[in-house]
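These notes are about the structure you will find just below.
The values are calculated or read from the model by the stated rules, or taken from the named source; none is laboratory data. These figures come from a predicted structure and were not determined experimentally. Here the Cβ positions follow ideal geometry from the backbone for every residue, glycine too, while neighbour counts run over all protein chains shown.
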Amino acid sequence: MKIIRAKNAGFCFGVDKAVNTAFNFNIDAIKGNLYTIGELIHNRQVIEALDKKGIKVLSSFDELKEDDYVIIRAHGIGKKVYEELSQKGVKILDATCPYVKRIHRIVEKKHDEGYNIVIVGDPRHPEVLGINGWCDESALIISDESEIKKLEYRDKKIAVVAQTTFKGKKYDDICELLKKKFAIVIKFDTICSATVQRQTEADELSRKVDAMIVIGGRNSSNTQKLYQICKENCSNTYLIENKDELPPLDKNIKTIGITAGASTPETVIKEVISYMQDIKNVHENETNEIDFNKALEETLTELRTNEIVKGKIIGYNVNDVFVDLSYKADGIIPMEEFLDDPEFDPEKELIPGKEIEALVVKINDGDGNVLLSKRRVDSIRGYEIAEEAFKTNTPLEVVIKEIVKGGAVADFKGLRIFIPASQISDRFVKDLTPYKGKKVRILLMELAGRRRIVGSCRALIEKEKAAKEEEFWNNVEIGKEYTGTVKNLTKFGAFIDLGGVDGLIHLTELSWKKISNPSEVLKVGDIVTVRVIDFDKEAKRVSLGYRKAEDNPWYKIEERYQAGDVVTGTVLRMVPFGAFVELEEGVEGLVHISQISNVRLNKPEEVLTEGQKEEMKILEINPELKKITLSIKEVNPIDPVREEEVKDENQEDVPAEHSEEMTTTIGDLINEKNI
């Protein structure tokens, strides 16, 4: 058995630079931490080694501190990410591949010149995301010829670049199609020369060997492309990540080709080759021949159409999810089958190595892959779950897909469940439109096969309310606090939903200040913390308090005011026995009529008016009775000015000789007027 290794297998220049930057860095010499933005390369062994060295993958920019260092991997990043890192004040170790850097410069320049940017590549790949960041993320991203056919002709000029690991021939074909859709097309050859050499060598080598081994991470874009190229030429092509995944080898296999992705370390390649050499030596000493294909088949799973199988996710792109079935071909699930769930996040759900269940639709989809369906398995499993839920009266979470006459149609793992309008809520709902696209919890009321399944939100709401109500009445006590929602406002108070039970905050319990309407304090929908001040289990009534002791203006009043203090007060209102004075909002005191002036007053209005500010002395303070006695007289008494005093002040002394004359004159005046 002859083993032929491709010359350009393993680390490319850019990846080698990034890995050396990380491993040669003296992490003990810095105060902060060393992070990489995303996984440095698509290789588990390297990532684990970096982790042991103390180099972590950055999960959030919020983690960064001023003394930290950040390695930018070969894929590169967008312009705004550089700016954000600069604002954080961290040190940047830029290991971006020179070929990728060149694309960044091209995109930035052409975007500034008014060109629309087109990127040919995987829209989810970090390299493509980084490139798009140099044209304000305005690029049109194309991954397949079929996407161009949907485009309308546009009278615009475009600059086209490709992901460095994209297949050269496919890039050429896409650019030719773009010329028919845009007025001016400028194409830049941005595919990495090392990638071209690697793919060319893999293509040539796979045509002249009996078996082909491709070494690399299953989530690596360039490794997947190498596998696809080799598979087209050699049916006995296998993708492995390390020596432990090597299939059984037969000595009848005369030649085996070896190539590796750009993220595959040299040590891994050598381990695989060494392991294969050992197997070769064993075979040469064996007298019995082993059928390579037969031995391989024994380790693989047999598949049948309409069979439910389990596999492990390898990776995904825009159109498909790739699954390892331990079969001679990989499985493919259309991406659209995952998009029914509005909260579906491929980065969280489609994790490489995660087990997934699917139904075999076709053993060969025409391209040598096994066509699978997750949606059909979900429907089968969904019905099994629905049957069990119906029997046990267990709630189900469903998504409302349609609003139809008389109600709504919800989806549960491919099952259609009808929810009558009267069962959508525990109260009347006129317009069901807002429920479309929402997740709701239901109880199944009827299950007559797949064609008739009826659910009810109302039954579950009422059931849960009853349980909460029972729990509330079993545990309620005066003084206990609850968090509730303002349900309704009336003139006399606010009704609060405590979860199964409604309580009332009376108007007087809403504020320490005098208010005329609850809307001055609360609005419907507010989340409030209340305490029970009284309840009646038989009448199902709960009285609640909302205002807090510390908000009471009389709270710890003795710490602010003491007998003997001189304060300034504002006259609020007057009564026959004195005047009520405001010291601060919500705190009033009384100045008795005897404590206003040094002379006896008939009423306080003789010397005071509402709104008048005066200094006064605190005679007595009683916090429990909320009573403060004040005296103006002891600070600055206000004496009234009498009418007779005014006359006396204005009347001049009259000489004696004129007094009689004046009397006569007045008498004559009275007679003249006939008074």
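Picking from residues in the range 110-124 that are of a type in the set (D, E, K, R) and in a helix (DSSP H, G or I), the one that is surrounded by the most Cβ atoms within 10 Å (Cβ to Cβ) is LYS110. VAL70 meets the conditions (1) at pLDDT below 90; (2) β-branched (Val, Ile, Thr); (3) farther than 28 Å from GLU201 by Cβ in every case but one. The failed one is (1). For the range 206-248, filtered to residues that are farther than 29 Å from ILE191 by Cα and in contact with a Leu (Cβ under 9 Å, 6 or more places away or on another chain), the residue that is modelled with the lowest pLDDT is PRO248. Taking first residues from the range 93-110 that are closer than 23 Å to THR36 by Cβ and partners that are buried (at least 21 other Cβ atoms within 10 Å of the Cβ) and among the charged types (D, E, K, R), the Cβ contacts under 8 Å between residues at least 6 apart in sequence or on separate chains come to ALA95/ARG73; THR96/ARG73; VAL100/GLU127. Residues of the range 558-578 that are more than 29 Å from VAL607 (Cα to Cα) and touching a strand residue (DSSP E or B) at 6+ places or on another chain (Cβ under 8 Å): GLU558 alone.
Annotation: LEU432 fulfils all but one of (1) surrounded by fewer than 19 Cβ atoms within 10 Å (Cβ to Cβ); (2) more than 26 Å from ILE380 (Cβ to Cβ); (3) of a type in the set (A, V, I, L, M); (4) out of contact with any strand residue (DSSP E or B) (no Cβ under 6 Å at 6 or more places or on another chain); the unmet one is (4). Scan the range 512-560 residue by residue and report those that are among the aliphatic types (A, V, I, L, M), farther than 28 Å from PRO623 by Cβ and free of Cβ contacts under 8 Å to residues at least 40 places away in the same chain. Answer for the range 512-560, where residues must be among the aliphatic types (A, V, I, L, M), farther than 28 Å from PRO623 by Cβ and free of Cβ contacts under 8 Å to residues at least 40 places away in the same chain: LEU522, VAL524, ALA539.
Residues checked against (1) assigned to a helix (DSSP H, G or I); (2) surrounded by 17 or more Cβ atoms within 10 Å (Cβ to Cβ); (3) aromatic (Phe, Trp, Tyr):
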site	(1), (2), (3)
THR190	no, yes, no
ALA194	yes, yes, no
GLU204	yes, no, no
VAL214	no, yes, no
GLY217	no, yes, no
GLN224	yes, yes, no
TYR227	yes, yes, yes
CYS230	yes, yes, no
SER235	no, no, no
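Out of everything in the range 482-515 that is assigned to a strand (DSSP E or B) and among the small types (Gly, Ala, Ser), what residue ends up being farthest from ARG458 (Cα to Cα)? Checked the range 482-515; the qualifying residue farthest from ARG458 (Cα to Cα) is GLY493.
Apart from one condition, ASN364 fits all of (1) surrounded by 14 or more Cβ atoms within 10 Å (Cβ to Cβ); (2) of a type in the set (S, T, N, Q); (3) closer than 30 Å to GLY311 by Cα; the exception is (1). Within the range 125-147, restricting attention to residues that are in contact (Cβ under 8 Å) with a residue 12 or more places away in the chain and among the charged types (D, E, K, R), the residue that is surrounded by the most Cβ atoms within 10 Å (Cβ to Cβ) is GLU127.
Hey, does the range 74-81 have a residue that's surrounded by 19 or more Cβ atoms within 10 Å (Cβ to Cβ), closer than 26 Å to ALA159 by Cβ, modelled with pLDDT under 90 and in contact with a Gly (Cβ under 8 Å, 6 or more places away or on another chain)? Within the range 74-81, one or more residues are surrounded by 19 or more Cβ atoms within 10 Å (Cβ to Cβ), closer than 26 Å to ALA159 by Cβ, modelled with pLDDT under 90 and in contact with a Gly (Cβ under 8 Å, 6 or more places away or on another chain).
For the range 383-416, a tally of residues being more than 15 Å from ARG452 (Cβ to Cβ) and part of a helix (DSSP H, G or I) returns 6. Check the range 166-179 and report whether any residue there is within 17 Å of HIS75 (Cα to Cα), at pLDDT 90 or above, assigned by TED's automatic domain parsing to the domain that holds GLY114 and not hydroxyl-bearing (Ser, Thr, Tyr). No; the residues of the range 166-179 include none that is within 17 Å of HIS75 (Cα to Cα), at pLDDT 90 or above, assigned by TED's automatic domain parsing to the domain that holds GLY114 and not hydroxyl-bearing (Ser, Thr, Tyr).
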